[in-house]
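Taken together, the values in this text are just the output of simple stated rules run on the coordinates, not laboratory data. Here the structure is a predicted model, which is why all the values come from computation and not from measurement. Cβ placement follows ideal geometry from the backbone for every residue including glycine, while neighbour counts extend to all protein chains displayed.
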Amino acid sequence: MLRTGLLGAGRIGHVHAKAITGHAASELTAVSDYVPEAAEKLAAEYGSTARTTDEILADPQIDAVLIATSTDTHSDLIEAATAAGKAVLCEKPVDLSLDRARACQAKVKESGRDVMLGFNRRFDPSFNALKQALDAGEIGKPEMLAVTSFDPALPPVEYIKVSGGLFRDMMIHDFDIANFLMGEPPVTISAVGSSLVDPAIGAEGDVDTAAVTLSYADGRIAVIRNSRRAAYGYDQRIELLGSKGMLQAENMVENTVVKSNADGVTAAKPMHFFLERYMPAYRIEWDAFVTAVTNGTPFPATLADGVTALAMAEAATRSRASGAPVALSDV
Ligand SMILES: NC(=O)c1ccc[n+]([C@@H]2O[C@H](COP(=O)([O-])OP(=O)(O)OC[C@H]3O[C@@H](n4cnc5c(N)ncnc54)[C@H](O)[C@@H]3O)[C@@H](O)[C@H]2O)c1
């Protein structure tokens, strides 16, 4: 039984509490949050106990911690938790600062441990089936990737302010999926972005609408499109063109009813947001973590994957600001 401390009782903390308590080989031993009432409420919901982060890290009875706190705390908590001998699953991104993330990576490496990064989309059954078909050679060599990721609504403004911006907070998932599917990071990154959804986001220096092109050493191409507004729900699609065919992962819909009448043909919307769309992925992600820790096998999404994706976010941020492509090796 993997005795787990959950750090952070916010939006994603609730999702992880469900996955941890729903797994036969893990228990939610304790929950902490900067706001004690938030930890108490979540702990009570799952019959766990609220404690401080320091108490959780100091408790030898706790084997693992899941870091689901705000992004600006991740590197510090990763270092503290690995130093305390805990197995760690940390939410994306590794940090707001690439330098800080790299320093964290170096420190963790010294400890001889690795950390799993919460790139949940790798574990989504559809995206994972697409990857398996790719690995089985069913479309030959992947040559052109298109990733669409549109949110149904903006997160709270307080969240946006500490998120690091769209490229680090939101597109980081798509950078990782591109690396997962194309098998390597790109050489150059070109980004454009605007604030079309909420002027307050533009006033913060951030964007809510963006398109990024990734160019690979051998000429392959990936295009990622993000928006924080899609009136019809959470739009999450992948299209991968290979030398021998194409793989596509379509949206998961609320139900499969298709209505046809004199007005036309209509179907249900995509599942509303990440809580609905990716709940199976969060559970499979947690199972992959528990399995890797129990068996002492490598994590399927690592701290190094997190640092690479963050470097891509940094390159995209710089490219949008300058209007010129940015070499990944320059960041
Ligand atoms: N993988 C995903 O699909 C996904 C989805 C949403 C958020 N996230 C990531 O999860 C993290 C949290 O996002 P959220 O939406 O849950 O945010 P949130 O603001 O809802 O929750 C964060 C919680 O962490 C607490 N906190 C902050 N600093 C802390 C500290 N030092 N110790 C203990 N608690 C602390 C806050 O009080 C808050 O309750 C972010 O890094 C975000 O990028 C990932």
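Which of the chymotrypsin sites (Phe, Trp or Tyr not before Pro) across region 185-251 are loop residues per DSSP, with 16 or fewer other Cβ within 10 Å?
Loop-located and lightly packed - Tyr232.
Under a Cβ-Cβ cut-off of 15 Å, what is the net charge of the residues other than Met170 that fall near it, where Lys and Arg count +1 and Asp and Glu count -1?
On the way: positive: Arg11, Lys92, Arg121, Lys161, Arg168, Arg225, Arg228, Arg229, Arg277, Arg320; negative: Glu91, Asp151, Asp169, Asp174, Asp176, Asp198, Glu204, Asp206, Asp208, Asp235, Glu314.
For residues surrounding Met170, the net value is -1.
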Footprinting proxy, Ser195, Ser48: sorted fewest to most Cβ within 10 Å, the residues are Ser195, Ser48
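Does region 130-277 classify as rounded, prolate or oblate by the C-alpha gyration tensor (a ≥ b ≥ c root eigenvalues; a/c under 1.5 gives rounded; else a/b over b/c gives prolate, otherwise oblate)? It would help to have the intermediate numbers written out before the result.
Values: a/c = 2.18, a/b = 1.07, b/c = 2.03.
Cα axes put region 130-277 in the oblate bin.
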Estimated [θ] at 222 nm from DSSP helical runs (n ≥ 4, -39500 (n - 2.57)) normalised by residues in the chain, nearest 500:
-11500 deg cm²/dmol
Please state the relative contact order of region 2-119 as a whole percent: Cα pairs under 8 Å, 6+ residues apart?
23
Taking the chain as a Gaussian network, Cα atoms linked when under 10 Å apart, which of Arg318, Arg11, Arg225 shows the biggest mean-square fluctuation?
Arg11
Sort region 2-119 into rounded, prolate or oblate with this rule: let a ≥ b ≥ c be the square roots of the eigenvalues of the Cα gyration tensor; rounded if a/c is under 1.5, and if a/c is not under 1.5, prolate when a/b is larger than b/c, oblate otherwise.
prolate
Percentage relative contact order, the chain, counting C-alpha pairs under 8 Å, at least six apart
19
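For a test of the definition: using alpha carbon positions, the gyration tensor, and the 1.5 limit on a/c, classify region 239-299 as rounded, prolate or oblate.
Judged from the Cα gyration tensor, region 239-299 comes out oblate (a/c at least 1.5, b/c at or above a/b).
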How much of the DSSP bridge set in the chain is antiparallel, in percent, rounded to the nearest 5?
55
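Within the set Lys18/Lys86; Lys131/Lys259; Lys92/Lys161; Lys131/Lys244; Lys92/Lys131, which residue pairs have Cα atoms separated by over 23 Å? List each step's numbers first, then the result.
Details: Lys18/Lys86 21 Å; Lys131/Lys259 32 Å; Lys92/Lys161 16 Å; Lys131/Lys244 15 Å; Lys92/Lys131 21 Å.
Violating the 23 Å limit, Cα to Cα: Lys131/Lys259.
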Enumerate the residues in region 156-180 having an amide nitrogen under 18 Å from the point lying 7 Å beyond the Cα of Asp72 toward its Cβ.
156-170
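Go through 290-300, 12-22 and give me the packing order, highest mean Cβ count within 10 Å leading. Intermediate results must be reported in sequence, preceding the final value.
Numbers: 290-300: 14.5, 12-22: 20.8.
The packing order, highest mean first, is 12-22, 290-300.
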